[in-house]
Amino acid sequence: MASVEIMTPRMLEGMREACQLAAETLVAVGERIAPGVTTSSLDLFIRDMTMSRGARCSTLGYKGFPKHCCTSLNEVVCHGIPGARVLTDGDIINVDITSFYPSQNGYHGDNSATFYVGEPSEDAKKIVEVARQSLEVGIEQVRAGARLGDIGAAIQEYAEGEGCSVVRDYVGHGVGRNFHMPPQVPHYGRRGSGLRLRSGMVFTIEPMINLGAWQTEVMADGWTVLTTDRSLTAQFEHTIVVTDKGCEVLTARSAPLKHSEDVPWARLGPLASPAGLNAR
Ligand code: MF3
Ligand code: CO
Ligand code: CO
């Protein structure tokens, strides 16, 4: 594997700025989730909020991607393109936001969450809550000296134990001066295998969890990724930096996500409370 950057405290200041904008934008998007809203209106909101803060959306133009975020509904695993689609009661939607401050060798901050539109089915609740918890159990593995495989194994054991499956074709990634950098961070694997983590490594954990089988396919638009069996799928993503004691969640939120973390059935781990974050 190509070498993985160790960020200095100064670089981490830049990362925090980008990651906090990505997090604040995700919180603001949560307030706008409702039946009748189009995915393109969410995209334009994200564009406007990002630009008003002097930043850019990393997805726009990335390998030709045409929009400011990804909006992935129901059986869409990731990389859904915002457009005329109207949010409808019972949908689940992942919104994935990556912010970039261009000044002074800027940094990218990447996060996503899955939201409930109106009243969810029991299947929708199941897959969203398993995906939410999958990110938490992955983050719990992170500390200097642990291995990348420990993260993947913990997520895979948990998600498969819940009768769900882990997407193999898309993984977490290093993030920093570039949107996607080494290392690759699989959400499946074997404990004790893979890269040994060191303080200052920065990467995303972003498990995509399917209610059915793990296989995926890409639509004719070249972007939209679907579950091959068309089962429901959900995803949550944070950008983290490894520390000696654990990690710092750079995209941690100061407010719960509406239409996601605020529902009574949400299975929230320590990440949801600022006190829990400080304990890491
Ligand atoms: N934000 C996604 C990720 O978590 C990547 C989107 S790339 C795009 O890595 F081109 F589809 F926008
Ligand atoms: Co992302
Ligand atoms: Co990512």
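Is region 236-257 home to any residue that is within 19 Å of ASN74 (Cβ to Cβ), modelled with pLDDT of 95 or more, touching a Ser or Thr at 6+ places or on another chain (Cβ under 7 Å) and within 16 Å of ligand 3 (Cβ to nearest atom)?
yes
From GLU160, GLU140, GLU119, grab the single residue that is away from ligand 2 (no atom under 16 Å from the Cβ) and closer than 22 Å to THR216 by Cβ.
Of the residues listed, the single one that is away from ligand 2 (no atom under 16 Å from the Cβ) and closer than 22 Å to THR216 by Cβ is GLU160.
Tell me which residues, restricted to region 103-114, are within 15 Å of ligand 2 (Cβ to nearest atom) and either open to solvent by less than 10 Å² (accessible area, probe 1.4 Å) or not in a loop (DSSP other than H, G, I, E, B) (or both).
Answer for region 103-114, where residues must be within 15 Å of ligand 2 (Cβ to nearest atom) and either open to solvent by less than 10 Å² (accessible area, probe 1.4 Å) or not in a loop (DSSP other than H, G, I, E, B) (or both): HIS108, GLY109, ASP110, ASN111, SER112, ALA113, THR114.
Could you check ARG147 against (1) surrounded by fewer than 19 Cβ atoms within 10 Å (Cβ to Cβ); (2) under 22 Å from THR39 (Cβ atoms) and say which number it fails?
The failed condition is (2).
Is there a residue in region 123-141 that is in a helix (DSSP H, G or I), within 16 Å of ligand 1 (Cβ to nearest atom), surrounded by fewer than 19 Cβ atoms within 10 Å (Cβ to Cβ) and charged (D, E, K, R)?
no
Give the residue that is nearest to ligand 3 (Cβ to nearest atom), with candidates limited to residues of region 54-82 that are surrounded by fewer than 14 Cβ atoms within 10 Å (Cβ to Cβ) and not in a helix (DSSP H, G or I).
Top of the filtered list is GLY61.
Of the residues that sit in region 87-121 and are within 13 Å of ligand 3 (Cβ to nearest atom) and among the aliphatic types (A, V, I, L, M), which one is nearest to VAL29 (Cα to Cα)?
Checking each candidate, the answer is VAL95.
So ASN105 ticks every box in (1) at pLDDT 95 or above; (2) within 22 Å of MET51 (Cβ to Cβ); (3) not charged (D, E, K, R) but one. Which box is left unticked?
Here ASN105 clears every test but (1).
Looking at ALA113 and the list (1) within 14 Å of the chain's Cα centre (by Cα); (2) more than 16 Å from ligand 1 (Cβ to nearest atom), which single condition is not satisfied?
ALA113 satisfies every listed condition except (2).
Let me confirm something: among ILE155, ILE93, which residue is assigned to a strand (DSSP E or B), in contact (Cβ under 8 Å) with a residue 12 or more places away in the chain, of a type outside the set (Ser, Thr, Tyr) and touching a strand residue (DSSP E or B) at 6+ places or on another chain (Cβ under 7 Å)?
ILE93
Can you report the number of residues in region 167-224 which are touching a residue at least 60 places away in the same chain (Cβ under 8 Å), within 23 Å of ILE81 (Cα to Cα), within 13 Å of ligand 3 (Cβ to nearest atom) and open to solvent by 30 Å² or more (accessible area, probe 1.4 Å)?
Final tally of qualifying residues: 3.
Given the structure, is LYS63 at pLDDT 95 or above, under 20 Å from PHE203 (Cβ atoms) and within 16 Å of ligand 2 (Cβ to nearest atom)?
For LYS63, the condition - at pLDDT 95 or above, under 20 Å from PHE203 (Cβ atoms) and within 16 Å of ligand 2 (Cβ to nearest atom) - is met.
Quick one: in region 28-53, of everything that is among the small types (Gly, Ala, Ser) and part of a loop (DSSP other than H, G, I, E, B), which residue is most open to solvent (accessible area, probe 1.4 Å)?
Filtering first and then ranking leaves GLY36.
The values are calculated or read from the model by the stated rules, or taken from the named source; none is laboratory data. Bear in mind that the values here come from a model prediction, so they are computed numbers and not experimental data. For neighbour counting, all protein chains shown are included, and Cβ atoms are generated from backbone atoms with ideal geometry for every residue, glycine included. All accessible areas refer to the heavy atoms of the entire protein, side chains included, with ligands and DNA or RNA removed. Shrake-Rupley method; radii C 1.70, N 1.55, O 1.52, S 1.80 Å.
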